[in-house]
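Read-outs throughout are calculated quantities, based only on the coordinates presented, and are distinct from any laboratory measurement. This one's a predicted model, so the numbers in the text were calculated from it and none came from an experiment. Positions of Cβ are generated from backbone atoms using ideal geometry, with glycine treated the same way; all protein chains shown enter the neighbour counts.
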Amino acid sequence: MDGIVSIAAIVAILLACGLALGLANKQHFKMRWLLVAGGLVIVEDALLTNGYGLLPTLVPGAWNWQGKGLALIVLLAIAAHRLFGWQRVGLTIRQSSGSIVSCLPIAAIYLLFFVALALAIPNEAASAEDFAFQLTMPGIEEELFYRGLLFFALNEAFRRRWRFLGIDWGWGALLSSIAFGLTHAFGYNESGFAFDMATFGLTALPSLLGVWLRERSGGLLLPIIVHTGGNVLPMLL
């Protein structure tokens, strides 16, 4: 029940912020896509939690292999739907012309951020399963969702763009990054709602770098690589 309350609150925050932004600029706002974005957040969370514990655990392990795997399969199926399309959500190996060179400094900043964090807060020794999971699951599933499907839906909801730092920004970049931060830093338990500002900053801000990489490169390949690197490199230190 705590998980359901948590995700309901996150979706409510996302919809409330989105509605306020949309009503302030109605000519560039599509409410149905904002609702699609909210629905995607609910679907992904239900998959990650194995139907909030209703599904039996068939894949053992210290990490959530089953939840991440289910989410990845379903998200790929959703991405294949005609309303989305794999290429439109960033599932392509083709990179925008000249993007690799321009993306390298931002990718380096992203990775150095997590290296510095690991040096400041040392990690426990990682197991083989830790490495296997971080190399295969979070970077792919989370980028597919937050910089792929959710980002696309929010960009469809808010069509206005501003050119800055070499890419076209929209409210989708901000809202998808806020959603990513909230799912890591905001929750509900028997003591009530809790919010960790430090965790929010350490997840939402790198998420904006991921958005830049996704938009500049034209796909999810680089965001997946740097996200995975950001998870794995600290385990090596």
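Structure summary
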{"read-out": "Globularity ratio of the chain, using Cα Rg and 2.2 N^0.38 Å", "value": "1.00"}
{"read-out": "Summed side-chain charge close to Ser96 - residues other than Ser96 whose Cβ falls under 12 Å, Lys, Arg +1, Asp, Glu -1", "value": "+2"}
{"read-out": "Cα Rg, Dmax (largest Cα-Cα span) when computed across the stretch 102-167, Å", "value": "16.3, 46"}
{"read-out": "Packing rank of 210-222, 33-45, where each peptide gets the mean count of other beta carbons within 10 Å, highest leading", "value": "210-222, 33-45"}
{"read-out": "Radius 15 Å from Cβ of Met235, net charge of other residues (Lys, Arg +1; Asp, Glu -1)", "value": "-3"}
{"read-out": "Whole-angstrom gap from the stretch 52-102 to the stretch 165-237, using each part's C-alpha centre", "value": "16 Å"}
{"read-out": "Sparse-neighbourhood loop sites, GluC sites (Glu not before Pro) in the stretch 106-184 - DSSP loop, at most 10 other Cβ within 10 angstrom", "value": "Glu124"}
{"read-out": "DSSP H segments from the chain that extend 15 Å or more along their own axis, Cα-based, with Kyte-Doolittle mean of 0.5 or above", "value": "2-23, 31-48, 65-79, 99-120, 171-185, 197-217, 221-236"}
{"read-out": "Neighbourhood charge, 15 Å Cβ-Cβ cut-off, centred on Asp130 and excluding it, Lys, Arg +1 and Asp, Glu -1", "value": "-1"}
{"read-out": "Which of Leu21, Leu174, Met1, positive extreme of dipole for the chain (C-beta unit charges)", "value": "Leu21"}
